[in-house]
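Below is one structure, written out as structure tokens; comments come after it.
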Amino acid sequence: MNSGKSALITGVTGQDGAYLSKLLLEKGYRVSGVLARRSTDTLWRLRELGIDKDVNLIDGDITDISSLIRALQISGADEVYNLGAQSFVGSSWQQPVLTAQIDGVGVVNILEAVRIVNPAARFYQASTSEMFGLIQAEMQDEKTPFYPRSPYGVAKLMGHWATVNYRESHGMHASSGILFNHESPLRGIEFVTRKVTDSVARIKLGLASKLHLGNIDAKRDWGFAGDYVEAMWLMLQQEVADDYVIATGVTTTVRDMCQIAFSHVGLNYHDHVVIDEKFMRPAEVDVLLGNPAKAESALGWKPKTSLDQLISMMVEADLRRLRG
């Protein structure tokens, strides 16, 4: 199947970039990815999905507009997905300027590059539930006021509003997906879900005995990244660009997520989890709970994977990796 369409993805070597590449290739797209050579990411995620030979990689960096212009010209992209980011909230306190450059100014760079090369191209911006931060409503939707609580959330908010601004100022088909936490076996080890599932696998195999965590009473709305990239694609198929909350509508504590992961291998989390001050954030986001009603009605999108299924999938993948 060949759709004749071409897509360009920044952050192509990340979790979402890999799943989105796979989805678009299955839909017959020509897929190109911007490869930032400063990134510590390798191509292991694309390899794991068996698509590393199918994505055309173009050297470039979201902080360098000239390289983005070149990538757009080479790819001839009809759709541009900006998934490139410094995406670890914890690191943003140690690297606030870098985070602002990539997650804030970087979005303006790629929007401007699209406007210069092909203003008719459809644009997707990866926004985040971390923009809600100190929540102003029990359940967050597209109209909930933002109150970011980290340099990451602040920078992402700049990128979000830049996308809205280019849509309204230049008439570009530019949409933002305000994605709540989405995880998978391809998640980086620094993220709490993957840190938990990797540790569970290590403890089960006798390679470790303890798991050190920060605030395990923080609540998050967790979904499967493989489900969420479909929502990104659906946004760019709409006649009119808009912003959408993508979430499951269910919130779970880190504690309960640990319980699911440990019980999957017949262990009790009480025996292994250690609360460590080192992992407490300077300003915590206590609860995030998304309302995906607009995405359900306008896009026809619904999450397919439950948290139990997701965590089981991740634990099994980590057991396979460690045994291998």
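Scanning segment 1-44 for residues that are part of a helix (DSSP H, G or I) and either in contact with a Ser or Thr (Cβ under 9 Å, 6 or more places away or on another chain) or under 25 Å from Asp103 (Cβ atoms) (or both) returns Gln15, Asp16, Gly17, Ala18, Tyr19, Leu20, Ser21, Lys22, Leu23, Leu24, Trp44.
Every test in (1) in the same structural domain as Asp16 (by TED's automatic domain parsing); (2) under 30 Å from Gly206 (Cα atoms); (3) charged (D, E, K, R) is passed by Glu239 save one, and that test is (2). Among the numbered conditions (1) in contact with a helix residue (DSSP H, G or I) (Cβ under 8 Å, 6 or more places away or on another chain); (2) in a helix (DSSP H, G or I), the only one that Lys195 does not meet is (1).
Out of Ile58, Ile51, one residue alone is within 24 Å of Gln237 (Cα to Cα) and surrounded by fewer than 21 Cβ atoms within 10 Å (Cβ to Cβ). It is Ile51. When every residue of segment 55-64 is checked against the conditions, none turns out to be within 14 Å of Phe123 (Cβ to Cβ) and hydroxyl-bearing (Ser, Thr, Tyr). Return the residue satisfying two criteria in turn: it lies in segment 45-54 and is assigned to a loop (DSSP other than H, G, I, E, B) and out of contact with any Lys or Arg (no Cβ under 6 Å at 6 or more places or on another chain), and of such residues it is farthest from Ala121 (Cα to Cα). The qualifying residue farthest from Ala121 (Cα to Cα) is Gly50. Limited to segment 71-119, what total is found for residues that are part of a helix (DSSP H, G or I) and either over 11 Å from Thr10 (Cα atoms) or more than 21 Å from the chain's Cα centre (by Cα) (or both)? The total comes to 30.
Restricting attention to segment 260-311, the residues that are modelled with pLDDT under 95 and part of a helix (DSSP H, G or I) total 3. I'm checking my understanding of the structure. Among residues of segment 260-278 that are over 30 Å from Met232 (Cβ atoms) and in contact with a strand residue (DSSP E or B) (Cβ under 9 Å, 6 or more places away or on another chain), which one is surrounded by the fewest Cβ atoms within 10 Å (Cβ to Cβ)? So, considering only residues that are over 30 Å from Met232 (Cβ atoms) and in contact with a strand residue (DSSP E or B) (Cβ under 9 Å, 6 or more places away or on another chain), the one surrounded by the fewest Cβ atoms within 10 Å (Cβ to Cβ) is Lys278.
When each of Met314, Met257 is tested for being under 17 Å from the mean Cα position of the chain (by Cα), crowded, with 19+ Cβ neighbours inside 10 Å and assigned to a helix (DSSP H, G or I), the lone residue that passes is Met314.
The single residue among Ser176, Ser199 that is hydroxyl-bearing (Ser, Thr, Tyr), out of contact with any Pro (no Cβ under 9 Å at 6 or more places or on another chain) and closer than 28 Å to Gln238 by Cβ turns out to be Ser176.
Rundown of residues vs (1) farther than 12 Å from Leu288 by Cα; (2) surrounded by fewer than 16 Cβ atoms within 10 Å (Cβ to Cβ); (3) modelled with pLDDT under 95; (4) not small (Gly, Ala, Ser), yes/no style:
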site: Gln125; (1), (2), (3), (4): yes, no, no, yes
site: Glu130; (1), (2), (3), (4): no, no, yes, yes
site: Gln140; (1), (2), (3), (4): no, no, no, yes
site: Lys143; (1), (2), (3), (4): yes, yes, no, yes
site: Met158; (1), (2), (3), (4): yes, no, no, yes
site: Gly177; (1), (2), (3), (4): yes, no, no, no
site: Pro185; (1), (2), (3), (4): yes, no, no, yes
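Of all positions in segment 166-179, none carries a residue that is farther than 30 Å from Asn118 by Cβ and assigned to a loop (DSSP other than H, G, I, E, B). Checking Val240, Val245 one by one, the residue that is among the aliphatic types (A, V, I, L, M) and either out of contact with any strand residue (DSSP E or B) (no Cβ under 8 Å at 6 or more places or on another chain) or part of a helix (DSSP H, G or I) (or both) is Val240 and no other. Just to be sure before I move on: is Val200 more than 30 Å from Val108 (Cα to Cα), in contact with a Cys (Cβ under 6 Å, 6 or more places away or on another chain) and modelled with pLDDT of 95 or more in the structure I sent? No, not satisfied.
The values are calculated or read from the model by the stated rules, or taken from the named source; none is laboratory data. These numbers were taken from a predicted model, which means no experiment stands behind them. Positions of Cβ are generated from backbone atoms using ideal geometry, with glycine treated the same way; all protein chains shown enter the neighbour counts.
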